[in-house]
Structures are given as structure tokens and as C-alpha cells.
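This report refers to the structure that appears directly beneath it.
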Amino acid sequence: MTHVITAFFSAFIYSAGFALAGSEPASRQVDEVYYFSFQELLLFSLVYALPVYFIGGIPSAILLEKTVRKIRASQGASYVYRLLLYSAAGFGVMCAAVVIISGGHVLTFLTDLIGYGVFGAVGAVLYFHIYLAVTRVRRYVAQKKR
């Protein structure tokens, strides 16, 4: 359940950042040109972000967490190791998602694919930090119930 909550929060925050970056302020808009509103961009990006987080992100995160539990390391080393693993997984998941969505056409422009992969790594790092926060909150609530 923690991963589902994390995926919802991550997709919403990621999409809000995308919508904020992509929206044009009213003072800079030109007449006779249609601009997407913040809400439209948010909804549009959620349509793409939610499936990527749920289909690619949650299974990757579960696999990464199971892998990391087997490794004995200090808390700091574990954090760095998980951060790197999440970044690599996000890069790979986003590249795979873009190839699937584009039908393989993006492969002709490798630099575009790498750019999308960087967006995936950023989304995975966001997911990782929200996962840490949600996990901490759930532990706190469980302790308060005792």
C-alpha cells in the first residue's frame, strides 16, 4: 500500500512541476494563440505519468527495496546506493515507456531518448524521497497506535 500512495503523490507532484514549467503566464500570452492552462497541462501529464509510475515504477521500486534489504551497509551508504539504483531504474523505465509509446520511432534520435531518460531519473528520485517520507509517516502512525 505504501508504494501505491507514493505513486499517486509522486505522479501528482511530478505532473504539477511539468504543468508549472509548461504553462505560459497571462502577461506573456499573444492574442489569437491558444495556450493550455495549468489545469489542462496537469491533467494531460497525469494521463502519462500515472501509468508509468504504476506499471513501471511500483514493480521496480519493490524489486529495488528487496535487493537493498539483502545488502548490509551503513544508513548513509544505503541511502546513496538506493538513490543511484532508483535513478538508474527511472532512467530505464522512462526510456522503455517512451519507446513503447512512440512505437520505436524515438530510437532514431538517441539524444531525445537520453533526455527522456533524465526526466525518468528525476521522477524516480522524487518517488524515492516521497517513499521515504510515506514510510516514516506510516511508522510514526503505527507507533502512536500502540
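Every number here is computed from the coordinates shown, using simple stated rules; none is lab data. Worth saying up front: this structure is predicted, and the values here are computed from it rather than measured. All Cβ positions, even for glycine, are placed from backbone atoms using ideal geometry, and neighbour counts span all protein chains on display.
Which whole-number percent gives the relative contact order of the chain, counting Cα pairs below 8 Å spaced six or more residues apart? All intermediate terms of the calculation are to be shown ahead of the outcome.
Values: 125 pairs, mean separation 41.5, N = 146.
Here the relative contact order equals 28 percent.
For a quick check, take a GNM of the chain with Cα springs below 10 Å and name the residue from 84, 50, 63 with the largest mean-square fluctuation.
63
Any idea what angle helix 58-69 forms with the longest principal axis of the chain, computed on alpha-carbon atoms, 0 to 90 degrees, nearest 10?
The angle comes out at about 30 degrees.
Let me make sure I get this right: for region 2-145, a, b and c are the square roots of the gyration tensor eigenvalues over alpha carbons, sorted descending. Under 1.5 in a/c it's rounded, otherwise prolate if a/b > b/c, else oblate. Which is it?
oblate
Per 0.36 nm of contour for each residue apart, how much would the distance between residue 55 and residue 114 grow if the chain were fully extended, relative to their Cα-Cα spacing?
Computed gain between residue 55 and residue 114 is 19.2 nm.
Which loop-located GluC sites (Glu not before Pro) does region 15-74 contain, where loop means any DSSP state but H, G, I, E or B and the Cβ has at most 15 other Cβ atoms within 10 Å?
When the GluC sites (Glu not before Pro) of region 15-74 are filtered for loop state and at most 15 Cβ neighbours within 10 Å, 32 remain.
Distance between Cα centroids, region 82-100 to region 1-72: provide it in whole Å.
14
Picking from 57, 92, 123, which is most flexible by a Gaussian network model of the chain using Cα springs under 10 Å?
Ranking 57, 92, 123 by mean-square fluctuation puts 92 first.
Which FRET efficiency value, to the nearest 0.05, is calculated for residue 144 and residue 1 with the Förster distance at 30 angstrom and r the Cβ-Cβ distance?
0.95
Can you put 18, 54 in order of Cβ neighbours within 10 angstrom, beginning with the fewest?
Lowest count first: 54, 18.
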